[in-house]
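One structure is given here, and the rest of the page talks about it.
The values are calculated or read from the model by the stated rules, or taken from the named source; none is laboratory data. In this text the structure is predicted, and so the values were computed from the model without any measurement. Cβ placement follows ideal geometry from the backbone for every residue including glycine, while neighbour counts extend to all protein chains displayed. When the accessible area is computed, the model is the full protein with side chains, heavy atoms only, and any ligands, DNA or RNA have been set aside. Shrake-Rupley method; radii C 1.70, N 1.55, O 1.52, S 1.80 Å.
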Amino acid sequence: DQQVKQNSPSLSVQEGRISILNCDYTNSMFDYFLWYKKYPAEGPTFLISISSIKDKNEDGRFTVFLNKSAKHLSLHIVPSQPGDSAVYFCAAILTSGTYKYIFGTGTRLKVLA
Amino acid sequence: KAGVTQTPRYLIKTRGQQVTLSCSPISGHRSVSWYQQTPGQGLQFLFEYFSETQRNKGNFPGRFSGRQFSNSRSEMNVSTLELGDSALYLCASSLDTGYGYTFGSGTRLTVV
């Protein structure tokens, strides 16, 4: 039962354009959502998070949007740069009851120069 | 400051053996979590330790165990290795629950 899903395994975007990475979840009780970036042969790197009480959080070129009614979050990267090419994981945390920290399966982003 | 350090980076074991992986978290981080990453499965949560106590556990068999020491360093042990245990094992530390993780580079375990 995959509670956090990234349905697009890969995405290609031209340099300078917007990259939009999507993530869907099934449990409406998740408290926090996070995005991580992973380069080959390295562990994931934390990028940005959002609390379930907010609908938007911005940090430089990265913005995360949360649509609770649709159980959907997205990461926008503007403008996209070749160095952004990596695998992006979304994650969700449930802190009440049984603690859960669940990752999606990842989306490989390729930014074309 | 130093990041999360995992040793060894690579390991080859045969079926039936056991293995111990080590993780040194960022100084001041008391929460250490372990994940297994395999192609197509993403990151699967193994367990989390906080102040030497296992606080949370994922859906892995009892062959997978861990512990945390008083200096927050953590070890993960896998006994009676199976071919399907071949994976990248990642350790992550954080200040506490709800914070972003800092991951190590992982230990790539190959079981032959």
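Would you call A:ALA41 more than 14 Å from every other protein chain (Cβ to nearest Cβ), in a loop (DSSP other than H, G, I, E, B) and open to solvent by 40 Å² or more (accessible area, probe 1.4 Å)?
Numbers: more than 14 Å from every other protein chain (Cβ to nearest Cβ): no; in a loop (DSSP other than H, G, I, E, B): yes; open to solvent by 40 Å² or more (accessible area, probe 1.4 Å): yes.
Against the criterion (more than 14 Å from every other protein chain (Cβ to nearest Cβ), in a loop (DSSP other than H, G, I, E, B) and open to solvent by 40 Å² or more (accessible area, probe 1.4 Å)), A:ALA41 does not qualify.
Just one of the numbered conditions (1) within 11 Å of chain B (Cβ to nearest Cβ); (2) modelled with pLDDT of 95 or more is not true of A:LEU34; which one?
Condition (2) is where A:LEU34 drops out.
Go through the range A:97-110 and count every residue that is more than 11 Å from every other protein chain (Cβ to nearest Cβ) and open to solvent by 10 Å² or more (accessible area, probe 1.4 Å). Steps first, please.
Residues of the range A:97-110 that are more than 11 Å from every other protein chain (Cβ to nearest Cβ), as a first pass: A:97, A:108-110.
Those still in the list that are open to solvent by 10 Å² or more (accessible area, probe 1.4 Å) too: A:97, A:108, A:110.
Summing the residues that are more than 11 Å from every other protein chain (Cβ to nearest Cβ) and open to solvent by 10 Å² or more (accessible area, probe 1.4 Å) in the range A:97-110 gives 3.
Show me the strands (runs of 3 or more DSSP E) entirely contained within the range B:3-112 in which 2 or more residues are within 14 Å of chain A (Cβ to nearest Cβ).
Because the criterion is at least 2 residues that are within 14 Å of chain A (Cβ to nearest Cβ), the strands (runs of 3 or more DSSP E) in the range B:3-112 that meet it are B:5-7, B:19-24, B:31-38, B:42-50, B:53-57, B:87-94, B:107-111.
In the list A:SER12, A:SER8, A:SER28, which residue meets the criterion of being in a loop (DSSP other than H, G, I, E, B) and closer than 19 Å to A:SER80 by Cα?
Of A:SER12, A:SER8, A:SER28, the one residue that is in a loop (DSSP other than H, G, I, E, B) and closer than 19 Å to A:SER80 by Cα is A:SER8.
Given the condition part of a strand (DSSP E or B) and over 23 Å from B:VAL4 (Cα atoms), answer yes or no: does some residue in the range A:44-52 qualify?
There is at least one residue in the range A:44-52 that is part of a strand (DSSP E or B) and over 23 Å from B:VAL4 (Cα atoms).
Looking at A:ILE48, A:ILE77, A:ILE93 in this structure, which one is within 11 Å of chain B (Cβ to nearest Cβ), over 23 Å from B:TRP34 (Cβ atoms), of a type in the set (A, V, I, L, M, F, W, C) and surrounded by 14 or more Cβ atoms within 10 Å (Cβ to Cβ)?
A:ILE48
In this structure, is A:GLU58 among the acidic types (Asp, Glu) and either touching a residue at least 12 places away in the same chain (Cβ under 8 Å) or more than 27 Å from B:GLN54 (Cα to Cα) (or both)?
Here the answer is yes, as A:GLU58 does meet what is asked.
Under the condition of being in contact with a strand residue (DSSP E or B) (Cβ under 7 Å, 6 or more places away or on another chain), free of Cβ contacts under 8 Å to residues at least 40 places away in the same chain and not in a strand (DSSP E or B), which residue from the range A:73-113 is nearest to B:GLN54 (Cα to Cα)?
A:TYR99
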